[in-house]
Structures are given as structure tokens and as C-alpha cells.
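Below: one structure, written as C-alpha cells.
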Amino acid sequence: MKRRDFFKTSAIGITAPSILMSSEYMKPNLNDPIILSTWEHGLPANESAWKILQNGGSAMDAAEAGAMVPEADPEITSVGFGGLPDEKGNVTLDACVMDSYGNAGSVAFLQNIKHPVSVARKVMEESKHVMLVGEGARQFAISNGFEEMNLLTDESRKAWKKWNQEKRDMTPHETHDTISVLVQDKNGDLAGACTTSGWAYKLHGRVGDSPIIGAGLFVDNEIGCAAATGLGEEVIKTTGSFLVVELMRQGYDPTSACREALNRVIAAHKGNPDFQIAYIAIRKDGEIGSACIKWSFEYALARAGENKLHKIKGLTK
Ligand code: GLY
């Protein structure tokens, strides 16, 4: 769908994107499932999500299953078990999910639970709330059958001890590989999941964008879905994922929507931010998009029996 198709000339002659309901113009993508995830660890995540779809699971089932893969992998130091801890040596986790009905669940500052994404789903499905944090989130997890475990591996403890001696100022992009998984199932329905251990050696109590609905993740089953990775503070300030979806509603294609959302961050930092943010997006008609601020970014796309990593360049040098 071309962006110009959505433009109308107003009575005063100014061309502006028209606000059109998806039902008027957007044919849903059917029988062509899509799984789109952030970073290289998106590849095994996609594989697991794909199996769920093949077995008749929903987009939400697939997104959760995908996010659980890096959560369980001790080698991935930015998510779940093995994630790098905060400044005090505690692994604190943030995650959220959103389904095709507009339901959402989220946990932040959660400790000692391996699969925060599944706790977030439980919050969505088994509680009256959207978001639980810290000790309350942990207690909720335990009362719902989640086991407690120490999430600090020998490697992440060693890394933290070294950092603790040097107290080097860590730039967020050094350790900031949040996994976000967006899924469109064969019925055209959309869902997403996002999970992270956040900024390594962050202040105790810090929460990033990943558990914030509209920042780290947003799903609107009429229009599309989007998710973020990178410096959460800047994603929160621009309600990034919600903005990407709203820009798609206004007629931006997914890549242009991701770029425009990032352009606002870039402009706020005088054209040259020294941090990374990347967005991924799926539009309801099955078009996908992505953009990042700096350097490069890789997303994993599973579609039509293929699961491949794609590299894109940043919008700034
Ligand atoms: N984007 C993950 C975080 O900032 O914690």
C-alpha cells in the first residue's frame, strides 16, 4: 500500500495524511504468518514461535514462546536468566505482552523468576490489572506456580564483580539487546511480547521501556504492532511503539513509521544522539518495517518457511 494513497487535500489545500479506519483500506494478511523479532537471538525465538503457530497456537501463544527462548538462555546477557544485574548485583527483569483483543499484561523490576514474559501474560489473563512490579509481581508469580531461582550465572556474577571494581560508566547500547517478538498468525491477528534485563549495572529500581505498554510494545489489531529495543528512557519519553502504530494508522508504511518515530528522538538530540534505539513493526496487511538510530541493527524475520536475519543501517552516522 503506498503512502500517497492515504493522502487527501484539505479544504485549505494542505496535504495531510487522512485518518482512515483500517477496515476502509487495509486487507488483513491471511494464511501467511509472520514472526518478527529483534537481534540475532530473534532467530531461535522465531523458530520456537513458528512451531507454536504450526500447531495451531495463536499469535499470543507464539510471541510468548518466542520470548521465552532468550529468557532461558544463560549465554544471552541482556534477557532473563544470565542477564547482567543492576549496580547492586541483582538481576531485575521487565516484560510485557499485548494480544489481538487489546489486552495487556506487564511486570517490572521482577526478581528470581526465569520467565517474566509468562508472568506478564498471567497478569493479563488472571488478574484485574495490567502491571505488577517488584515484590508484588514476584509474589503473584509464585502464587501462580512459577518457581523461584537465582538468575545470576557465574559469568554474569564475574562480569558484575569486575564492573564493581572499576565502576566504569556503561553506555546502554553495550548491553542492551532486548528481545521483542511481533507475530501475525494465519488469521491475520497480531500480538507481541517484549522482555529484558535492561541496562546493565543500572540503578537499583530502574525500569526501562520494555514493560511499559505503548513504549516497549504496542498492538492494535486493526492497524499493526510495533516494538522497541535500545535506550528505554528515550523510548518512554516518546511513547515509541504507540507512536509507530499511530503513524501507520495515519498512512505511513511500517519502515517510514519507524523512521519518523526515531526522527523525533534524533531531533530532540540535535541530530546526533549517542545511543541506539531500533523499532520493528508489522502492519495489518503483512508489510513489515524497521529502523534504527545509529550504527546497525539486525532483526529476524520468519515468513513463508524461511527464518533469516536482516541487517539495516542507522539513520545517523
Ligand atoms: N529497552 C530496554 C531497556 O531500556 O531496559
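Are any of the residues in region 49-60 touching an Asp or Glu at 6+ places or on another chain (Cβ under 6 Å), aliphatic (A, V, I, L, M), under 17 Å from R283 (Cα atoms) and at pLDDT 95 or above?
Yes, region 49-60 contains at least one residue that is touching an Asp or Glu at 6+ places or on another chain (Cβ under 6 Å), aliphatic (A, V, I, L, M), under 17 Å from R283 (Cα atoms) and at pLDDT 95 or above.
Out of (1) surrounded by fewer than 19 Cβ atoms within 10 Å (Cβ to Cβ); (2) in contact (Cβ under 8 Å) with a residue 40 or more places away in the chain, what's the single condition that is false for I277?
Here I277 clears every test but (1).
Can you tell me which of (1) buried (at least 16 other Cβ atoms within 10 Å of the Cβ); (2) under 21 Å from W39 (Cα atoms) is the one I266 doesn't meet?
(2)
In region 78-93, is there at least one residue being among the aliphatic types (A, V, I, L, M) and not in a loop (DSSP other than H, G, I, E, B)? Before you say what the answer is, go through the steps one by one.
Start the filter on region 78-93 by keeping residues that are among the aliphatic types (A, V, I, L, M), which leaves 79, 84, 91, 93.
When the remaining residues are screened for being not in a loop (DSSP other than H, G, I, E, B), the result is 93.
Yes; the residues of region 78-93 include at least one that is among the aliphatic types (A, V, I, L, M) and not in a loop (DSSP other than H, G, I, E, B).
What are the pairs with Cβ atoms under 9 angstrom where one residue, in region 188-202, is farther than 9 Å from T178 by Cα and the other, located anywhere, is basic (K, R) and within 12 Å of the ligand (Cβ to nearest atom)? Sequence gap at least six, or different chains.
Hits for this filter: W199/R206.
Just one of the numbered conditions (1) at pLDDT below 95; (2) in a strand (DSSP E or B); (3) of a type in the set (K, R) is not true of K317; which one?
(2) is the only condition that K317 fails.
Across region 227-240, which residue is surrounded by the fewest Cβ atoms within 10 Å (Cβ to Cβ) among those that are among the polar types (S, T, N, Q) and under 13 Å from R264 (Cβ atoms)?
Top of the filtered list is T239.
Say whether the condition of being farther than 24 Å from A120 by Cβ and out of contact with any Phe, Trp or Tyr (no Cβ under 7 Å at 6 or more places or on another chain) is met by at least one residue in region 220-233.
No: zero hits.
Could you look through region 214-223, keep only residues that are of a type outside the set (G, A, S) and within 15 Å of the ligand (Cβ to nearest atom), and pick out the one that is nearest to the chain's Cα centre (by Cα)? Write out each step before concluding.
We begin by selecting, within region 214-223, every residue of a type outside the set (G, A, S); these are 217-223.
Now drop any that are not within 15 Å of the ligand (Cβ to nearest atom), which leaves 217-218.
Working: L217: 5, F218: 8 Å.
Only one residue tops the list, namely L217.
Go through A300, A304, A291 for me and flag whichever is of a type outside the set (D, E, K, R), more than 18 Å from the chain's Cα centre (by Cα) and within 27 Å of G188 (Cα to Cα). Can you show your working first?
Details: A300 fails: more than 18 Å from the chain's Cα centre (by Cα); A291 fails: more than 18 Å from the chain's Cα centre (by Cα).
Of the residues listed, the single one that is of a type outside the set (D, E, K, R), more than 18 Å from the chain's Cα centre (by Cα) and within 27 Å of G188 (Cα to Cα) is A304.
Quick one: which helices (runs of 4 or more DSSP H) sit completely within region 224-273 and have at least 3 residues that are away from the ligand (no atom under 16 Å from the Cβ) and either under 16 Å from the mean Cα position of the chain (by Cα) or at pLDDT below 95 (or both)? Before the answer, list the steps.
Details: elements: 232-237, 240-249, 254-268.
Filter on region 224-273 gives 254-268.
Kindly evaluate E40 against the criterion of being assigned to a loop (DSSP other than H, G, I, E, B) and either at pLDDT below 95 or acidic (D, E) (or both).
Spelling it out, E40 is indeed assigned to a loop (DSSP other than H, G, I, E, B) and either at pLDDT below 95 or acidic (D, E) (or both).
In contact with an Asp or Glu (Cβ under 8 Å, 6 or more places away or on another chain), surrounded by fewer than 22 Cβ atoms within 10 Å (Cβ to Cβ) and not polar (S, T, N, Q), is that true of G102? Spell out how you get there, then give the answer.
On the way: in contact with an Asp or Glu (Cβ under 8 Å, 6 or more places away or on another chain): yes; surrounded by fewer than 22 Cβ atoms within 10 Å (Cβ to Cβ): yes; not polar (S, T, N, Q): yes.
Yes: the conditions hold for G102.
Please find, among G289, G314, the residue that is closer than 18 Å to N46 by Cβ, in contact with a Cys (Cβ under 7 Å, 6 or more places away or on another chain) and buried (at least 16 other Cβ atoms within 10 Å of the Cβ). Step through it out loud before you land on a result.
Working: G314 fails: closer than 18 Å to N46 by Cβ.
Unique residue meeting the criteria: G289.
The values are calculated or read from the model by the stated rules, or taken from the named source; none is laboratory data. What you see is a predicted model, and the numbers here were worked out from it, not measured in a lab. Neighbour counts run over all protein chains shown; Cβ positions are idealised from the backbone, glycine included.
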